[in-house]
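Below is one structure, written out as structure tokens, with a few remarks after it.
The values are calculated or read from the model by the stated rules, or taken from the named source; none is laboratory data. Quantities reported herein were computed from a predicted structural model and do not represent experimental measurements. Neighbour counts are summed over all protein chains in view; Cβ atoms, including those assigned to glycine, are modelled from backbone coordinates with ideal geometry. Note: accessible area is taken over every heavy atom of the protein model, side chains too, but ligands, DNA and RNA are not part of it. Shrake-Rupley method; radii C 1.70, N 1.55, O 1.52, S 1.80 Å.
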Amino acid sequence: MMNFGLTEEQEAVRKMVRSFVDKEIMPYIQEWDANGHFERSVMTRLADLDLMGVCIPEEYGGSGMDYNTLAIVCEELERGDTAFRTAVSVHTGLNSMTLLQWGNEEQKQKYLIPQAKGEKIGAFGLTEPNAGSDVAAMQTTAVRDGDEYVLNGQKTWISLCDVADHFLVFAYTDKSKKHKGISCFIVERTFEGFSSKAIKGKLGIRAGNTGEIFFDNMRVPAANLVGEEGEGFKIAMAALDNGRFTVAAGACGLIQACLEESLKYCQERSTFGKEIGKHQLVQQMIAKMVDGLETSRLLVYRAGWLKNEGKRNTRETSLAKWHACDAAFDAACDAVQIHGAYGYSNEYPVERFMRNAKAPVIYEGTREIHTVMQAEYALGYRQDKQLRRMLPAWPFTEETVEV
């Protein structure tokens, strides 16, 4: 049986986040974007609304809602700006949900609970200057020394680099094993040898904090090893299932924003004696936005349903991310086209939408990577197996969340 409706709780969350965006982000985002300013207080206010751990069980400080409620939060945040959806994607999707799935009880008590409450901010460190899609090309190393690991290396394009308190960092513990020699660690900003630096001059998501993090003989307690040695690649790929899910959901919000602005402009602007919305080629662009929004939402909510069921969803999440991000970029380009010359200036938000829409087509798996993945699934070259630890099914029970 298929149910395409949202629950009363989900509708209430959508209404709450939309109101928050309209009041707390929309009036200021143009200035923040122009100045390259990340407004940290937005995350504090999201925490006050219990939205920093929306799909984390209550026993670990979260709201205990289902995974599609997280999708709704991300969609509504990106309707305001990609920067704040990105912050939640990284904090909740890539970090907190990974700790929920792979962390031991001590790690959950120490790191997950304060993150879910929004008292601490989490981030994710996988990408390096020469290791993006090719994860095995990473150079960061972790050498065991008694009860500690000594980390050396750097990560780049790290969201919340200057803001986060905790990072999930991936490093080689045995380079000879390639993918099977990568391990995952919880790193605290306060560890000696840690430093960060923001990247300036980005095309889009200028209101977000993105940059590099560095490890110079940084000592990490062995207790901060997530999972087992050599399990890091599997942990990273499972984390990306969650991150990609939130990115796809956010792309729906960007399409929604493009559609709202375009509909308003179509009814304000007239050419050749009639509203531009009366011109069929403009209608074609509007129709494409509607198509992209509705199909993307269905793909996102299907992936969320599989998460709720406790099932592998790598294939479905990949398709949702690929489709939704491409649809969002197309919608942003068409929104600029509908606005004509005005779309090329920041007098209207569609130019920001277009700049922001490009990054998600690249990060968390380029469209090319997802194209290959979908072809390999169809051809039977790629199959997903049950992981040693699965993301807990929803509704959360003592049995589903136990390690």
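For residue 335, the requirement of being at pLDDT 95 or above, closer than 24 Å to residue 364 by Cβ and of a type in the set (A, V, I, L, M, F, W, C) is met. In this structure, residue 79 does satisfy being over 20 Å from residue 118 (Cα atoms), within 17 Å of the chain's Cα centre (by Cα) and touching a residue at least 40 places away in the same chain (Cβ under 8 Å).
Here is a yes/no grid of residues against (1) within 21 Å of residue 41 (Cα to Cα); (2) among the basic types (Lys, Arg); (3) modelled with pLDDT under 95:
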| residue | (1), (2), (3) |
| --- | --- |
| 147 | no, no, no |
| 156 | no, no, no |
| 159 | yes, no, no |
| 179 | no, no, no |
| 206 | yes, yes, no |
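Would you be able to say whether some residue in the stretch 154-176 is more than 25 Å from residue 387 (Cβ to Cβ), of a type in the set (S, T, N, Q), part of a loop (DSSP other than H, G, I, E, B) and more than 17 Å from the chain's Cα centre (by Cα)? No, the stretch 154-176 has no match at all. From the list 25, 29, 56, the lone residue that is more than 13 Å from the chain's Cα centre (by Cα) and within 18 Å of residue 124 (Cβ to Cβ) is 56. Selection over the stretch 346-403 of residues that are in a helix (DSSP H, G or I) and of a type in the set (D, E, K, R) gives a count of 9. Inspect the stretch 284-293 for any residue being touching a helix residue (DSSP H, G or I) at 6+ places or on another chain (Cβ under 6 Å), assigned to a helix (DSSP H, G or I), farther than 18 Å from residue 343 by Cα and modelled with pLDDT of 95 or more and give the result as yes or no. The answer is yes; a qualifying residue exists. Every condition in (1) over 26 Å from residue 92 (Cβ atoms); (2) open to solvent by less than 20 Å² (accessible area, probe 1.4 Å) holds for residue 253 except the one numbered (1). Is it the case that residue 322 is under 20 Å from residue 86 (Cβ atoms) and in a helix (DSSP H, G or I)? Yes; evaluated as a whole, the condition is true for this residue.
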